[in-house]
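Here's the structure we're looking at; comments come further down.
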């Protein structure tokens with residue numbers, strides 16, 4: 001494994017961060033993260049993702065925190081990056097969901113490369129209509145994919161992975 005490659009190094013070092021310091025996330029860093037997201041691949045290059053950034057002082061944060069069992073993380077983040085699919089821009093449900101995943105991964109890797117931490121809050125999509133109402137967005141137009149809690153890390157992330165051989169259907 002070539003850990004001297006900066007892209008691979010970022011992939012292997014990124015961890016989910018659920019505790020953040022009180023330091024705000026700069027507009028410059030948020031812009032870089034969002035730019036990384038918009039450069040994700042999408043089927044037919046339709047780019048169906050849409051973003052909404054909430055800062056910790058936005059009154060919608062409290063309402064959004066009530067839409068998930070991880071409300072304490074929503075409230076602790078200095079910024080929340082909400083990723084949606086625009087139903088008017090979709091062409092293939094599966095490919096558009098895959099694209100939203102790639103978009104989210106790009107943003108998480110970009111945040112890590114900037115010294116920021118993120119955690120992918122996906123459970124919130126189980127309360128899709130409640131979350132969209134909390135954000136004052138029409139459910140017939142947008143589909144919430146993920147909320148990225150973002151901030152300066154106040155913890156070390158940890159993780160382990162199975163051996164590659166456990167994922168392989170055949171040797172290569």
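Read-outs throughout are calculated quantities, based only on the coordinates presented, and are distinct from any laboratory measurement. Everything numeric here is computed off the predicted structure, so don't read it as measured data. Methodologically, a virtual Cβ is constructed for each residue, glycine included, from the backbone with ideal geometry; neighbour enumeration extends over all protein chains shown.
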Ordering of 121-127, 8-14 by packing [mean C-beta count within 10 Å, highest first]: 121-127, 8-14
Largest-first principal axis extents of the Cα set of segment 67-147 (Å): 35, 25, 17
Helix-only mean residue ellipticity at 222 nm for the chain, each DSSP H run of n ≥ 4 adding -39500 (n - 2.57), per residue, nearest 500: -10000 deg cm²/dmol
Gap separating the Cα centres of segment 106-172 and segment 20-63, nearest whole Å: 12
Over segment 13-87 - Rg/Rh using Cα atoms and the Kirkwood inverse-distance radius: 0.99
Candidates 23, 162, 136: whichever shows maximal mean-square fluctuation once the chain is modelled as a Gaussian network with Cα springs under 10 Å: 162
Convex hull (Cα only) mean projected area of segment 17-155, reported in nm² to one decimal: 7.4
